[in-house]
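Student: This is the structure I want to talk about, given as C-alpha cells.
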Amino acid sequence: MKHLPSPIRRHLAAVRAVLVLTVVTGIVYPLAVTGVAQVLFRHQANGSLIERNGRIVGSSLIGQSFTDAAGDPIPRYFQSRPAAPGHVYDTTSSGAGNLGPEDVVDTLPAPGRNGRTSLLTQVCARSLAVGRLEGVSGARPFCAPGGVGAVLKVFPATGTATRVVSVNQACPATPFVPRYQGVRVECARPGEDYSTGRTVPVRGAVARVAVPPDAVTAGASGLDPHISVAYAMLQAPRVARARGRTVERVMDLVRRHTVNPWLGYVGRPVVNVLELNLALDEE
C-alpha cells in the first residue's frame, strides 16, 4: 500500500471512509434508533395507529374527513379542520398552501384558462358552509354574502375612480356593494385583465364572527388531527341532535378528549376529532 502512487492512496482512503460512514449512518444508527423506539415508544414509532375490533381506523396524528359519498359532512360526527392538499387528507402531499393574507384576488376560469381561488375566498366559502351546517352566521370581515372575497379593483383617472369592479364576482352576479366613491360597481368578466387596478378589500360591518379560525383554515401540515375547543363547542349541538343525546353529554365527551397544552402553557387546548368520534360511536 505504501508503494502505491499518491492519487491511488487518496482514492482508496476515500472509498474506505465512504464504506465506514455507510455502515455507521446507514445501518448501525438506523437500527439503534429503531430498536430504542420500538422498546420505549412502540405506539408512537408505529404511527400512533388506533384500532377498533381488530381493524385500524386511523392515526391520532393524522386528520381525516367525516363525510358521505357525496362529500357532505355527516351530521352525527364532529368535523375536522380543512385539509390543505385539495381538501383530502393525503399524507403523500402534506404541506401548507403557502398563501398569505394578501392573497385576496381570484382568477376566474375562462376559455383556455383555469381558475384559481384566493385564500380569502377559500376562507369565505368555508365560513359560509360551516355556518349553514351549524345553524349560525357564517359572515366574517372582507367576505361578500355569496362566500367570496369582498374585493374591488379600482381604476382611477387623475385621482378619481372612473371604473370599479367586484373582481371576485363573475358576471352576471350582483356586486356586493352597488357603488364605490360614487362610481357604479361592475361584476367581473372572466378572461378580462384587472391587474392594473388598485386592490381594495372591503371589510364590511360584521359585528361578531361565529365560526372559529380553525374551521376555515388548514394547519401547516394540512393534516391536523385536532380542532380548537371553540370549534368543538360550535359543533356539539348539531352532533347531539343527530344522535339524540343531550348537549351536556356530548360536551362531557369533548372535555374528556381535550388535550391540554404541553407543560401547561405551550400551545392551547385542542380536541382530537377521530378519538372523539370513536368515543361517540362506542357509547
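Student: Looking at V229, V216, V239, can you tell me which residue is β-branched (V, I, T), in contact (Cβ under 8 Å) with a residue 40 or more places away in the chain and within 28 Å of S166 (Cβ to Cβ)? Can you show your working first?
Tutor: On the way: V229 fails: within 28 Å of S166 (Cβ to Cβ); V239 fails: within 28 Å of S166 (Cβ to Cβ).
Among V229, V216, V239, only V216 is β-branched (V, I, T), in contact (Cβ under 8 Å) with a residue 40 or more places away in the chain and within 28 Å of S166 (Cβ to Cβ).
Student: Here are some conditions: (1) out of contact with any helix residue (DSSP H, G or I) (no Cβ under 8 Å at 6 or more places or on another chain); (2) among the small types (G, A, S); (3) in contact (Cβ under 8 Å) with a residue 12 or more places away in the chain. S60 meets all but one. Which one does it not meet?
Tutor: (1)
Student: Collect the residues in segment 17-32 that are open to solvent by 90 Å² or more (accessible area, probe 1.4 Å) and at pLDDT below 90, keeping them in residue-number order.
Tutor: Hit for segment 17-32 is L31, nothing else.
Student: Kindly indicate whether any position in segment 39-46 is in contact (Cβ under 8 Å) with a residue 60 or more places away in the chain and either over 33 Å from the mean Cα position of the chain (by Cα) or open to solvent by 90 Å² or more (accessible area, probe 1.4 Å) (or both).
Tutor: Going through segment 39-46, the residues in contact (Cβ under 8 Å) with a residue 60 or more places away in the chain turn out to be none.
The answer is no; no qualifying residue exists.
Student: Considering segment 220-233 alone, what residues qualify as being within 16 Å of S137 (Cα to Cα) and surrounded by fewer than 22 Cβ atoms within 10 Å (Cβ to Cβ)?
Tutor: To start, the set of residues in segment 220-233 that are within 16 Å of S137 (Cα to Cα) comprises 230-231, 233.
Selection gives A230, M233.
Student: Modelled with pLDDT of 95 or more, over 14 Å from the mean Cα position of the chain (by Cα), of a type outside the set (F, W, Y) and open to solvent by less than 50 Å² (accessible area, probe 1.4 Å): does that describe G115?
Tutor: Numbers: modelled with pLDDT of 95 or more: no; over 14 Å from the mean Cα position of the chain (by Cα): yes; of a type outside the set (F, W, Y): yes; open to solvent by less than 50 Å² (accessible area, probe 1.4 Å): yes.
Considered against the rule, which asks whether it is modelled with pLDDT of 95 or more, over 14 Å from the mean Cα position of the chain (by Cα), of a type outside the set (F, W, Y) and open to solvent by less than 50 Å² (accessible area, probe 1.4 Å), G115 comes out as no.
Student: Also, I was wondering about something else. Which one of these is of a type in the set (F, W, Y) and under 25 Å from G100 (Cα atoms): Y265, Y194?
Tutor: Working: Y265 fails: under 25 Å from G100 (Cα atoms).
Residue meeting the stated conditions: Y194.
The values are calculated or read from the model by the stated rules, or taken from the named source; none is laboratory data. Bear in mind that the values here come from a model prediction, so they are computed numbers and not experimental data. Note that each Cβ is placed from the backbone with ideal geometry, even for glycine, and that neighbours are counted across all protein chains shown. Keep in mind that these areas ignore ligands, DNA and RNA; they rest on the heavy atoms of the full protein, side chains included. Shrake-Rupley method; radii C 1.70, N 1.55, O 1.52, S 1.80 Å.
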